[in-house]
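Worksheet for the structure shown next.
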Amino acid sequence: MSKAVHVINFGYKTEYNVGRRITNDITVSDISVSREQAKIRLCGNRVYLCDSMSKFGTFVLVEGLLPLTTIN
């Protein structure tokens with residue numbers, strides 16, 4: 001199983017599309033992910049994950065802060 005970290009810069013746009021389709025801003029190549037799974041939106045100073053009416057919905061599991069590390 002591979003994992004990836006996507007860094008989203010809301011300075012360019014306030015909404016990013018997530019899904020299997022290659023034209024999405026964030027592409028996830030997993031058959032369990034819909035072509036148009038979800039949208040990540042910035043509203044004010046909050047970030048929202050909105051399901052895009054995908055077949056099985058969108059689930060998120062984050063507890064507390066999610067630390068990011070850089071790889072040099």
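Readers should treat all values here as calculations from the given coordinates under stated rules, not as data from a laboratory. These figures come from a predicted structure and were not determined experimentally. Using ideal geometry, Cβ is built from the backbone for each residue, glycine included, and neighbour counts are taken over all protein chains shown.
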Output the Kirkwood hydrodynamic radius of the stretch 1-43, Cα pairs only, in Å rounded to one decimal. 11.0 Å
Give the peptides 31-39, 49-57 in descending order of average Cβ contacts within 10 Å, highest first. 31-39, 49-57
